[in-house]
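**Q** Provided herewith is a single structure, encoded as structure tokens, for subsequent inquiry.
Derivation of every value follows stated rules applied to the coordinates shown; laboratory data play no part. The model shown is predicted, which means the values in this text are computed figures rather than measured ones. All Cβ positions, glycine included, derive from the backbone under ideal geometry; neighbour counts span all protein chains shown.
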């Protein structure tokens, strides 16, 4: 029966080419716009580390002075160096790492080659196992190397290609700024989207190209990047200034990995206790105000998905709604124009249900055609977005779930649009239609 | 024009009429709000920075490793830049508008205040910076050479003197001392000692959107002269039309002045501005495309349905024509019908536009939709309706009276 209705639908399309084309075009435009914006939203709101995003947590403390204190306010977004180093030393989670962004000059060995700057990350040993970074060669460094302030570095695949032509560079040395570093590992391609571990600069940027121990970076006074918030004057005599251990400045990102999501409660209590201790010793002034958010909670809190993107999704779906209304109207016109034919079919014994089914199959077929065309438009839309040189452009692609969504959405939408016209068509009294012949 | 027959016909085609009305209403609601959003973006992109943007280029430079002669090297950099033909003025500055990275500091009116009055963006540069930027001084003076402090000194351990003087913007002056003359007043920001306001510039935007629209011009200049290790941003003001050649020469000069110099960024302020507002521009374009697509789809819907009605009523039209109705009357009939449907859609659409705006106000912190957008939206949709119905209506008018005598 379905095949027969499908055939009838195709015949009907051939009879009314312009009207059919209009319907398919309207659905395709709506679907194309919706899928383009939905894909952007889908990519931007994705889980950057699905295997353990519910076990990775971002602890926050409130180390600022009472100046500017408003009860109920969120604590500092980043940690002070003192607290980060202290929590790292106490090691109360399964894994933990402190980190900050920076930049280093890479000085090629060969004389005459110009040095260049790359973004770097100063972090601690657990960074690599905690974030499951893929390694091409070698691996990360250990806590012992952190403690010894060793000059070791993990390179990105890109930097390894640039400096060592993509070969196994583990054990070789590379000059970063004023110092020689020993390569201990080379990462494979790694692109968490968003770049969740540090949301102070580009949310969707690529990871850094050189990773080295935080302790070493402070020895060498390497340049740091990212935001820093200071709430008091920096003590005059610390040569390290605002990056000193005791500086009243928050600029460190700190992540912990717990064995299970259930342990969050325990760890939160530990943070509270730590905060109380610091208050008792006079370091903290504010009432204890700690947070512990997992990856997705942290991304939501930071509003990583731009508001514009959300608005574009709503806008596109509003447009799809108008396109569907349009299709409802056109389908209605189409079915009622065939009142005679329907009358004949009814008189020959077709039930209302059969007429209804026939109409829905026709609507669904329009939807399918609209979906195919819409997919083309969405692909075109994403291609146009990729041409813009903004940070996320290169990762916008239709994936399999979105492809399936496109077809389900277009067929379901057009069948919904077909409901009212199909209902009206099957309500036609056969006698009336035959009489007017 | 008799409305009754039209209304009674429409009553018999409730579903189809309702669909058209709803489609027009939705289009009207979305278009009104989209136009409002577009105008908001255009306004944002139109904000002046307060600088002579069309005469400025920026070069960001850095060295490798630590440089003990940073202050001296900066001075020679500046001397070389100022010697380039076509250069009016050159300065070093810690942050540049449209660059994104910014220095901010809380500003208080008294030293023991617990909650800051406002957060201002801090510009540090040499004495010539106001001239290089092309700032418009509206009161007081710029910094005297003897007030300038080198960054190396200000940042050295043990130095904790606050900058004695500052230049602020009119917006900041209005917020700090509404209705008063800010010159000579004292504010508390860097360090515990007060800083005296010596000058007021008309406008100077901050490098990013921290603090929202109200705080866009909360900027302050302090007499601390950074060296090139503090971001390394050189701002060069050129004679009109010579930006490109000066930029090239400036990059060349800076690259050569030192053992290892790396140029991190270079470009004109216009290029930086375009990059800064790229997101707004693409959003505005997206909105324009949606509006056009909406209009096209709505028009297609009207054409489709009107054609169907004309076809369905061919015999009825023939009878009317046979009974003496003129072509114009038939034409007017369909035009009036469309006008009625469009009007109903627009009335409903305005209510929906208002509702949609309420949602946007709550969710996207948008201002209230000015009433002006409603008549504009209405006019657009009325015109669209009349244009779309013209074709089918003319086909209807062309139906010959003889049709009435034929049985189908």
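**Q** Note the angle between two axes, namely the Cα long axis of helix A:2-15 and the longest principal axis of the Cα atoms of chain A, as a number of degrees from 0 to 90, rounded to the nearest 10.
**A** For A:2-15 against chain A, the angle is about 80 degrees.
**Q** Let me ask you something else. Go ahead and set up a Gaussian network model of chain B, Cα springs under 10 Å, then flag whichever of B:71, B:298, B:326 fluctuates most.
**A** B:326
**Q** Which angle from 0 to 90°, rounded to the nearest 10, does the C-alpha axis of helix A:81-90 make with the longest principal axis of chain A?
**A** Helix A:81-90 sits roughly 90 degrees off the main axis of chain A.
**Q** So for the pair residue A:180, residue A:162, with labels modelled 7 Å out along Cα→Cβ, what separation do we get in nm?
**A** 2.3 nm
**Q** Across peptide B:297-307, what mean number of C-beta atoms from other chains lies inside 10 Å of a residue's C-beta?
**A** Values: counts 13, 5, 1, 11, 11, 2, 3, 13, 5, 1, 5.
Across the residues of B:297-307, the mean count of other-chain Cβ atoms within 10 Å is 6.
**Q** Mind giving me the FRET efficiency for residue B:153 and residue A:223? R0 is 25 Å, r the Cβ-Cβ distance, nearest 0.05 is fine.
**A** Values: r = 21 Å, r/R0 = 0.83.
Taking R0 as 25 Å, the efficiency between residue B:153 and residue A:223 is 0.75.
**Q** Shielding by partners for A:317-324, please: the mean number of other protein chain Cβ atoms within 10 Å of each residue's Cβ. The partial results should precede the final answer.
**A** Working: counts 0, 9, 10, 0, 4, 14, 7, 2.
Mean shielding by partner chains, rounded to a whole number: 6.
**Q** Right, here's the next one. Over the alpha carbons of chain B, what is the largest minus smallest coordinate on each principal axis, giving the biggest first in Å?
**A** Over chain B, Cα extents along the principal axes are 105, 49, 34 Å.
**Q** In whole angstrom, and with the biggest value first, how far do the Cα coordinates of chain A range along each principal axis?
**A** 103, 57, 35
**Q** Based on the Kirkwood radius over alpha-carbon pairs, what is the Stokes-Einstein translational diffusion coefficient of region B:351-408 at 10 °C with 1.306 mPa s viscosity, in µm²/s?
**A** Numbers: Rh = 15.1 Å.
D, rounded to a whole number, is 105 µm²/s.
**Q** For a quick size check, give me the Cα extents of region A:20-60 along its three principal axes, largest first, whole Å.
**A** Largest first, region A:20-60 extends 57, 20, 9 Å along its Cα principal axes.
**Q** Can you compute the FRET efficiency between residue B:368 and residue B:46 using 1/(1 + (r/R0)^6), with r the Cβ-Cβ distance and R0 = 25 Å? Round to the nearest 0.05.
**A** FRET efficiency, residue B:368 to residue B:46: 0.75.
**Q** Right, something else. Taking chain A as the reference, fit the longest principal axis to its C-alpha atoms, fit the long axis of helix A:264-280 to the helix C-alpha atoms, and give the angle between the two in degrees, 0 to 90, nearest 10.
**A** The angle comes out at about 40 degrees.
**Q** Continuing with the same structure: For chain A, set up a Gaussian network in which alpha carbons nearer than 10 Å are linked by springs, and say which option among A:372, A:43, A:153 fluctuates the most.
**A** Result: A:372 has the largest fluctuation of those listed.
**Q** Based solely on its DSSP helices, what 222 nm [θ] is calculated for the protein assembly as shown when runs of n ≥ 4 H residues each add -39,500 (n - 2.57) and the sum is averaged over all residues, nearest 500 deg cm²/dmol? Write down the numbers at each step before the final one.
**A** On the way: 26 runs with 410 residues, N = 845.
Per the formula, -16000 deg cm²/dmol.
**Q** In nm, to one decimal, how far is the modelled label at residue B:193 from the one at residue A:110, with both set 7 Å along Cα→Cβ?
**A** 5.5 nm
**Q** Multiplying the sequence separation of residue A:202 and residue A:47 by 0.36 nm and subtracting their Cα-Cα distance, what value in nm do you get? Don't skip to the end; give the middle numbers.
**A** Numbers: separation 155, 0.36 × 155 = 55.80 nm, distance 1.67 nm.
In short, 54.1 nm is gained.
**Q** Alpha carbon centre of region B:162-181 versus region B:228-286: separation in Å?
**A** Distance between centres, Cα-based: 30 Å.
**Q** Taking 7 Å along the Cα-to-C-beta vector as the label spot, tell me the residue B:296-residue B:264 distance in nanometres, rounded to one decimal.
**A** Simple spin-label model gives 4.5 nm for this pair.
**Q** Fewest to most neighbouring Cβ within 10 Å: what's the order for B:31, A:342?
**A** Numbers: B:31 25, A:342 20.
Going from sparsest to densest Cβ surroundings: A:342, B:31.
**Q** In addition: If you take all C-alpha pairs in region A:96-215, what percent of them are over 20 Å apart?
**A** Values: 2614 of 7140 pairs.
Above the 20 Å cut-off, region A:96-215 has 37 percent of its Cα pairs.
**Q** Further question: At what distance in angstrom do the alpha carbon centres of region B:1-47 and region A:284-349 lie from each other?
**A** Between the Cα centre of region B:1-47 and that of region A:284-349, the gap is 20 Å.
**Q** Also, quick follow-up: Using the number of other C-beta atoms within 10 angstrom as an exposure proxy, rank A:351, A:103 with the fewest first. Write down the numbers at each step before the final one.
**A** Numbers: A:351 11, A:103 18.
Sorted ascending by nearby Cβ count, the order is A:351, A:103.
**Q** In what sequence do A:323, A:230, B:32 fall when counting other Cβ within 10 Å, fewest first? All intermediate terms of the calculation are to be shown ahead of the outcome.
**A** Details: A:323 33, A:230 15, B:32 28.
Lowest to highest Cβ neighbour count: A:230, B:32, A:323.
**Q** Turning to a different aspect of this structure: For the protein assembly as shown, what is one quarter of the convex hull surface built on the Cα atoms, given in nm²? Display every interim value, and only then the final one.
**A** Working: hull surface 177.6 nm².
Projected area, direction-averaged: 44.4 nm².
**Q** So if I take the centroid of the Cα atoms in region A:1-60 and the same for region B:316-343, what is the distance between those two points in Å?
**A** 41 Å
**Q** What FRET efficiency would be calculated for the residue pair residue B:7, residue A:307, taking the C-beta separation as r and a Förster radius of 41 Å, to the nearest 0.05?
**A** Working: r = 45 Å, r/R0 = 1.09.
Result of the calculation: an efficiency of 0.35.
**Q** Whole-Å semi-axes of region A:278-437's equivalent ellipsoid, largest first, each the root of 5 times a Cα gyration tensor eigenvalue? Numbers along the way, then the final one.
**A** Details: eigenvalues 577, 80, 30 Å².
So the equivalent ellipsoid measures 54, 20, 12 Å along its semi-axes.
**Q** Count, for each residue of B:210-220, the Cβ atoms from other chains sitting within 10 Å of its Cβ, then give me the mean as a whole number.
**A** Numbers: counts 1, 0, 0, 0, 0, 0, 0, 0, 0, 0, 0.
For peptide B:210-220, the averaged partner shielding equals 0.
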